[in-house]
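A.B. asks: Below is one structure. I have some questions about it.
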Amino acid sequence: MTTQTTALARLRIALANPTVNFRDSQWEAIYQLVNQLGRVLGRTPPRFGCW
């Protein structure tokens, strides 16, 4: 799981700006999207058979 500190470091590297920060509520939105996607993908039933 990506922490806020790691995500912020990657954002700063990607933008080549060591002082950039997330906007208000931006980290919370990213965190929720990542966690929801993980739960959705985790519930996908396996495929049986070969096509």
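The values are calculated or read from the model by the stated rules, or taken from the named source; none is laboratory data. Model, not experiment: these values are computed from the prediction. Just the protein is used for accessible areas: all its heavy atoms, side chains included, with ligands, DNA and RNA removed. Shrake-Rupley method; radii C 1.70, N 1.55, O 1.52, S 1.80 Å.
A.B. asks: Mind listing whichever residues of region 1-24 are modelled with pLDDT of 90 or more and not hydrophobic (A, V, I, L, M, F, W, C)?
C.D. replies: Matches in region 1-24: Gln4, Thr5, Thr6, Arg10, Arg12, Asn17, Pro18, Thr19, Asn21, Arg23, Asp24.
A.B. asks: Residues being open to solvent by 100 Å² or more (accessible area, probe 1.4 Å) and in a loop (DSSP other than H, G, I, E, B): count how many of those fall in region 20-31.
C.D. replies: Kept after step one, since they are open to solvent by 100 Å² or more (accessible area, probe 1.4 Å), are these residues of region 20-31: 23-24, 28.
Add one more test, that the residue is in a loop (DSSP other than H, G, I, E, B), and what stays is 23-24.
Qualifying residue count, region 20-31: 2.
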